[in-house]
Every structure is written in structure tokens, then in C-alpha cells.
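The values are calculated or read from the model by the stated rules, or taken from the named source; none is laboratory data. Note that the structure is a prediction, hence the values are computed from the model and not measured. Cβ atoms come from the backbone with ideal geometry, glycine included; neighbour counts cover every protein chain shown. Accessible surface areas use protein heavy atoms only, side chains included; no ligands, DNA or RNA. Shrake-Rupley method; radii C 1.70, N 1.55, O 1.52, S 1.80 Å.
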Amino acid sequence: MPIHLDYDEPVLGYHRLLAGLAADLAGAGASVLDVGCGPGQLLGHLAALRPDLTLLGIDGDDECLRRAAARCPRAELRRVDIATLTTLDPADRFEVIVSSHALEHLPHPVGAIERWAERLAPGGRMVIAVPNALQLPLLGRALVRRPWANDGHYYIWDRPTFENFCRLAGFRIVDRAVDYVPLVPVRLRRRLPGMAA
């Protein structure tokens, strides 16, 4: 099944938003885990915001990890199955776990998010972003209902459905960030003069 991955994607608004949320939630010297760190946009921005944090990025794609290392040299990076986290040290705990646009690629997201939560330190928080189903390109792809059309997404959620999903997985929602729903898709915006993110 094809999975969309733009290795050269710049730091976008939602990366900055999530990094800011994680930075606000993390105490002094806290440890932060980025699940599905991709090429490191969020990690790099978080490192710039909070040099005191201990950062670990995990991903299953070697090229992502290589690019994340270049973007955020002070983060520790590991190749890990983000659905199971089985190769992480069982004692590893994190004050903040952040994940950007990774959960929708997993066939069993409830089990995955429960395993992630097991890695939270007492009082820890998770910050998770998923694509908004109300984006026209995603909505159109979802209507096709074929793996080749959905960029490796098993699921898409609108905001109320995702909040319900989180509650069913045993979480209490303590804050919400504004939806990031661009009217012009990111890949097209980069090609149009004056519309780069």
C-alpha cells in the first residue's frame, strides 16, 4: 500500500502549533517522545523552542530518520515500530508524547494509542494531530474507498469523531487547538507564487 511521504516538506503551521503545545506542556528538562517523527520538522522546531528538553524521535522509515538527524542533531533518533513500541526500553517514560499525522496510518489505532499512553510518566500528556476529514482532498479520497487513493490512511476523523475516539481509548481531553484546514492543499500552495506555508 503506498504511503505519502514528502521528505522535503518544510516546517508548516501545524508543526509549529504542535511544537508550541508540547513546549508549553513540558516541564524544565522534561523528556519528549515524537512518535512517527518523519523527517523531523516538529522535533527541529521543538528543539529551537526548548533547548532544555530531552528529545527522542521514533519512526519506521530510515530516510526519515536520516533527514530528522540533519534537521535536529541534538535529538536521539531510533527506528521503532510506532504501532507497538516493542523495541523501546520498557523503563522509558516521557512527560510529553507528541505525534503528528501518524495515527491514521496504523490499522489498529486504539491499541497503538493505548501502548503510547503506557509510556507516559505520571501526570504526562499526549499531543496528537491527525488530518482533518473535512479537507476536500481527503474527503474525496475517502469516498473512493481504495487503498491506492488514500495515501496509506486507514482512517480519517473529523474533530468531534476524533475527540470521541480519544475518549473511547480512555483519554480525557484537556485542551483543543484550532483546526488547521488549508483551503489550498499544501503541495499546491508550494507551487503557487505567494502561497508558500
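Quick rundown of the values:
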{"item": "Pair list, Cβ < 9 Å and 6+ apart or interchain, from the stretch 105-120 residues that are within 9 Å of A83 (Cα to Cα) and basic (K, R) to residues that are modelled with pLDDT under 95 and open to solvent by 60 Å² or more (accessible area, probe 1.4 Å)", "result": "R115/T86"}
{"item": "Flag for R141 being modelled with pLDDT of 70 or more and either surrounded by 15 or more Cβ atoms within 10 Å (Cβ to Cβ) or part of a loop (DSSP other than H, G, I, E, B) (or both)", "result": "no"}
{"item": "Flag for G27 being surrounded by fewer than 17 Cβ atoms within 10 Å (Cβ to Cβ) and touching a Phe, Trp or Tyr at 6+ places or on another chain (Cβ under 8 Å)", "result": "no"}
{"item": "Residues satisfying the stated conditions in the stretch 45-64, i.e. over 25 Å from G27 (Cα atoms) and open to solvent by 20 Å² or more (accessible area, probe 1.4 Å)", "result": "G60, D61, D62, E63"}
{"item": "Selected residue (criterion: nearest to I82 (Cα to Cα)) from residues of the stretch 1-55 that are among the charged types (D, E, K, R) and modelled with pLDDT of 95 or more", "result": "D34"}
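Results for (1) of a type in the set (F, W, Y); (2) surrounded by fewer than 22 Cβ atoms within 10 Å (Cβ to Cβ); (3) free of Cβ contacts under 8 Å to residues at least 60 places away in the same chain, shown as yes or no for each residue.
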residue: D8; (1), (2), (3): no, yes, yes
residue: L21; (1), (2), (3): no, yes, no
residue: S31; (1), (2), (3): no, yes, no
residue: L43; (1), (2), (3): no, no, yes
residue: A70; (1), (2), (3): no, yes, yes
